[in-house]
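Every read-out reported here was derived from the displayed coordinates using simple, explicitly stated rules and does not represent laboratory data. Since this is a predicted model, take the numbers as computed values, not measurements. No Cβ is skipped: glycine too gets one built from the backbone with ideal geometry, and neighbour counts run over all protein chains shown.
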There are 2 protein chains.
Amino acid sequence: MQLHKRDVVDVATSLLDDYGMADLSMRRLARELNVSPGALYWHFANKQQLLGAVADRVLTAVDTASADPGDWQLGIGSLCTQLRDALLSHTDGAELVSASFAAGQSRAMGEVLGRLSAAAREAGVGSTQAELAARTIVYYVLGFTADEQSRLQWDAAGADLVETVWDEDPSARFAFGLRLLISGISVHSRSDA
Amino acid sequence: MQLHKRDVVDVATSLLDDYGMADLSMRRLARELNVSPGALYWHFANKQQLLGAVADRVLTAVDTASADPGDWQLGIGSLCTQLRDALLSHTDGAELVSASFAAGQSRAMGEVLGRLSAAAREAGVGSTQAELAARTIVYYVLGFTADEQSRLQWDAAGADLVETVWDEDPSARFAFGLRLLISGISVHSRSDA
DNA sequence: ACCTGAACACCGTTCAAGT
DNA sequence: ACCTGAACACCGTTCAAGT
C-alpha cells in the first residue's frame, strides 16, 4: 500500500518515544516503514522538514486556538504549562521542538508565538515589544524544559541518587521563571515604553 | 611533532569560523591536523568533550572574574553583552555554546551562571531563586543569540532583501528582553519571596 | 505519481598493533 | 605515552530506472 505523510510521522514519533532523537534517522525510519530511504524524499524535502512535522505532531497537545481567558497572565501561564507538558511527554521532545523552532520548521511554534504576543499586547505593551516578549518566553520554556528533560532522562538511565536541588519540584521551579518574565512584562506595560 | 590539546582546539576553532558546525567533524579535524581520526581520542574522550573545549575557547572573551561593579543590573547587562558578542564573533558560536551548555561540557558557562547568580543575590533574592534567575537569563541569551545568528548567517548567504523588522537594531532588541528579566528580578527582590 | 537500487560522500568510535 | 591502520556500524541525499 501507499506511503502517506501521516504514517511516516506516526512511525517517526514512536521511534522518538522508544529510542530518542539520536536514533531517529531517515534510514532507520525507512527500515521501520519497510521502504527504501529514498522513498521518504518523495514526501519530505529533507530531514529538517520531517522533524518539523514530528515537532508539530508533538505540539498538537498544545491548544493554541482556545478563547482568550481575559486574564493575560493566566493565559501565558496555562499556554506555557501546556507547552512544557507536551515536550515532557515525548523522549527528547524539548530538544526536537527547539531544533525545529530554530530551523523555522514548526508551524505550531509560530502559533504559540502568536498567542504569547497577543497576551503581551493585552498586558499593554506595544506590538513590537510584545513580539519580543513572546520570543523571550519561548526561549525560556524551551531552554528550561530541555534542561529538565535531559536531567530526567539522564538519571532515569541508571545514574540514581544524584538527585540534587534540581530534581525537587521542577514545576515550581518552572513557574518561578515564568513569574519573573510575567512580572517583567507587567512593569513594562505601564509608564515607560 | 606531538599533538597537543591546544593545537586541536586552535584548528577546531578556525574550522568552525571558516565552515561552521556542520563541517566540524572529528574526521575533518584530524585531516586538517594531519593525524588519523583515532589520534583525537587519545586527547578527548569524545566529540562532545572536544566541542566543550572549543566552546570554552570561544568564551575566553567573556570576563567572568572581574571585580563586582556594585550595580547588579549593570553587572548582568555587561556580562550578557559580553556573552552575546563572544557568540556572534564565531560562526555558529551560539549553537555551539548552547549545545555544550546543555551537555554540561562548558566550564565557562558554569562560571557565567555563577556570576549571574551572584548578581541576583546582590539584587536581594534568595540563593535558590537566584540560581533559577541566572538560568533564566542564560536561556534567554543563548536562545536570542542563536536565533539572531542563524538569521544573520542565512541572509549573509545570498538571501538578501528579506530583512524584516528582525534585522533592525538587534542590540536594542536584545537589551529589551534583558530589561524584562532584570525588571522581573527587581520585583521579586522586594516583598514576596 | 510513487518508489527501488545503488551509489556518493561522508560520519563517530574502537582497538590491536606499532614506535 | 602516543599514534596509525583498519575496521565496524552507521549516516543524509540523489537519481536513473522501474511500475
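Its convex hull of Cα atoms gives chain A a direction-averaged projected area, equal to a quarter of the hull surface, of 12.5 nm². Summary for B:Gly124: label point 7 Å along Cα→Cβ; distances to the equivalent points in the other copies, ascending, 2.2 nm. Across peptide B:143-152, the mean count of Cβ atoms from other chains lying within 10 Å of each residue's own Cβ comes to 3. The value obtained for the protein assembly as shown, namely the Cα convex hull volume divided by the number of residues, is 166 Å³ per residue. Here, P(r) means the percent of Cα pairs in each 10 Å bin from 0 to the largest distance; for segment B:45-152 it is 16, 48, 30, 6, 0. Taking the number of Cβ atoms within 10 Å of each Cβ as an exposure proxy, the fewest-first ranking of B:Arg57, B:Arg31 is B:Arg31, B:Arg57. Across segment A:5-56, counting alpha-carbon atoms alone, Rg and Dmax equal 9.6, 26 Å.
For segment B:32-84, report the % of Cα-Cα distances exceeding 12 Å. Result: 73 percent of Cα pairs exceed 12 Å. Here B:Arg31 and A:Asp68 are evaluated by their C-beta separation; at R0 = 41 Å the FRET efficiency comes out at 0.10. Between A:Asp7 and B:Arg6, the distance separating the two model label sites (each 7 Å from Cα on the Cα→Cβ line) works out to 5.9 nm.
Quick one: length gained pulling B:Ser14 to B:Tyr41 fully straight, 0.36 nm per residue minus the C-alpha distance?
The B:Ser14-B:Tyr41 span can extend by a further 7.7 nm.
Per residue of peptide B:101-111, the mean number of Cβ atoms on other chains within 10 Å of the residue Cβ is 1.
Counting neighbouring Cβ atoms within 10 Å and putting the fewest first, the residues B:Thr145, A:Thr60 line up as A:Thr60, B:Thr145. This model, with +1 at the C-beta of Lys and Arg and -1 at the C-beta of Asp and Glu, gives the protein assembly as shown a dipole about its Cα centre of some 420 debye.
Could you tell me which of rounded, prolate or oblate describes segment B:1-106, using a ≥ b ≥ c as the square roots of the eigenvalues of the alpha-carbon gyration tensor, with rounded for a/c under 1.5 and, failing that, prolate when a/b is larger than b/c and oblate otherwise? Judged from the Cα gyration tensor, segment B:1-106 comes out prolate (a/c at least 1.5, a/b above b/c). Considering only chain A, the C-beta nearest to the rotation axis that sends A to B is found at A:Gly184, 2, the distance in whole Å. Here segment A:5-56 is treated with +1 on each Lys and Arg Cβ and -1 on each Asp and Glu Cβ, and its dipole about the Cα centre works out to around 260 debye. With a 10 Å cut-off around each Cβ of A:128-138, the average count of Cβ atoms from other chains is 4. How large is the charge dipole for chain A, taken about the Cα centre, if only the Cβ atoms of Lys, Arg (+1) and Asp, Glu (-1) carry charge, to the nearest 20 debye? Rounded to the nearest 20 debye, it is 780 debye.
Label-to-label distances for B:Ser25 across copies, nearest first, come out at 1.2 nm, using points 7 Å from Cα in the beta-carbon direction.
Between B:Ala22 and A:Ala172, what is the FRET efficiency for a Förster distance of 41 Å, r being their Cβ-Cβ separation, to the nearest 0.05?
Efficiency, rounded to the nearest 0.05: 0.60.
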